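Q: Structure in structure tokens, see below.
The values are calculated or read from the model by the stated rules, or taken from the named source; none is laboratory data. This structure is a prediction, so every number in the text was calculated from the model and none was measured. Neighbour counts are summed over all protein chains in view; Cβ atoms, including those assigned to glycine, are modelled from backbone coordinates with ideal geometry.
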Amino acid sequence: MLHKDRIPQIFLQYGYLSVKDGILSFQDKDKNIQTIPPDQISMIFLEPGTSVTHAAVEMCSKWRITLNWVGESGVRMYATANPTNAKTDRIWKQLEMSFNANKRLSVAKKMYQYRFGKDVKINNLTAQELMLQEGNNVKAIYKFLAEKYEVVWNGRDYEGADQINLAINTAHSCIHGLAHCAILACGYYPSLGFIHGHNNNAFVFDVADLVKFQFVTPIAFQVVANGSTQVANHTRHECRDMFRRTNLIDKIIKATDDCIGFVPHIEEVEHYERLLPKPKYIPLKLREKEEQQ
């Protein structure tokens, strides 16, 4: 079976991946056994509590199944084995848009509009001006969330000096892990970014930014507002549960394709159209609030 016809990815947790009767077999913590035909899957994400035998790794290599060792629901990306089996269409599109300065800027602007709303006027902005406006919008979002959840906000501190910054660091680390999973799953290259440059995970940060303020940053504020005594653990668990509940990895892939300008095959379009809701842009709420005042 061609990789384009296979199941894109599955997540396995708390169990034992081995080979039985010439086929992949996964036994979970309750001793239930699930067979995994190696010709029907492209990528396996191994979550915590999962062991894998040498024979299983050998079979995955033979059938070109990519193995990824990740945190719960992809909140961390630890390691990957075997090159991605996704078609090269996406990475060629990524290369095309990255190596031309004008196209690169156009992708950055699409990412900016996806995050902050299509009515934001950015047509004539340079890359430097775009980054400056982004910084102003991000500050406004943090202020908005602090007021909404009634959390004391003294500004962003990447060292996690207080509880809210520790929670934000944890939430953003989780979405970086899931974005990395999404990029590997669909065949983009993690290091080839459009906004974040000179970093091995530049594109990971670009992609994570598309959804972090809609999905994970509010979780950080909510955890702190609820008075958690274990902010980092609680935030990570809340992100994990949300990833599972919303199937966010597929939404990330759809959003990334839209910004890059990649048009997937029709079966992929039908799949992701059902998953991706219309984004809710926090800055739009900010503007509505200002108009009411």
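Q: Counting only residues that are polar (S, T, N, Q) and closer than 14 Å to GLN13 by Cα, which one in the range 33-67 is farthest from the chain's Cα centre (by Cα)?
A: Out of the qualifying residues, it is GLN34.
Q: Go through the range 145-181 residue by residue and tally those that are modelled with pLDDT under 90 and either buried (at least 21 other Cβ atoms within 10 Å of the Cβ) or under 21 Å from TYR112 (Cβ atoms) (or both).
A: The total comes to 1.
Q: Part of a helix (DSSP H, G or I), in the same structural domain as LYS254 (by TED's automatic domain parsing) and under 30 Å from ILE10 (Cα atoms): is that true of ALA171 in this structure?
A: Spelling it out, ALA171 is indeed part of a helix (DSSP H, G or I), in the same structural domain as LYS254 (by TED's automatic domain parsing) and under 30 Å from ILE10 (Cα atoms).
Q: Looking at the range 47-72 only, could you name the residues that are touching a strand residue (DSSP E or B) at 6+ places or on another chain (Cβ under 7 Å) and either surrounded by 23 or more Cβ atoms within 10 Å (Cβ to Cβ) or among the charged types (D, E, K, R) (or both)?
A: GLU47, ALA56, CYS60, ILE65, ASN68, VAL70
Q: Name every residue in the range 84-94 that is assigned to a helix (DSSP H, G or I), of a type outside the set (Val, Ile, Thr) and either surrounded by fewer than 20 Cβ atoms within 10 Å (Cβ to Cβ) or touching an Asp or Glu at 6+ places or on another chain (Cβ under 9 Å) (or both), in order of residue number.
A: ASP89, ARG90, TRP92, LYS93
Q: Any residue in the range 197-207 that is modelled with pLDDT under 95, within 16 Å of the chain's Cα centre (by Cα), under 25 Å from LEU166 (Cβ atoms) and of a type in the set (Asp, Glu)?
A: No, because not a single residue in the range 197-207 is modelled with pLDDT under 95, within 16 Å of the chain's Cα centre (by Cα), under 25 Å from LEU166 (Cβ atoms) and of a type in the set (Asp, Glu).
Q: Tell me, yes or no, whether the range 222-232 has at least one residue that is modelled with pLDDT under 90, closer than 16 Å to HIS172 by Cβ and either assigned to a loop (DSSP other than H, G, I, E, B) or among the small types (Gly, Ala, Ser) (or both).
A: no
Q: Pairs under 6 Å by beta carbon, first residue at pLDDT below 85 in the range 34-45, partner part of a helix (DSSP H, G or I), six or more apart or different chains?
A: Here the result reads SER42/HIS3; MET43/ALA185, each pair linking the range 34-45 to a residue that is part of a helix (DSSP H, G or I).
Q: Within the range 121-142, identify whether any single residue is touching a residue at least 40 places away in the same chain (Cβ under 8 Å) and either at positive phi or outside the structural domain of ALA101 (by TED's automatic domain parsing) (or both), and answer yes or no.
A: no
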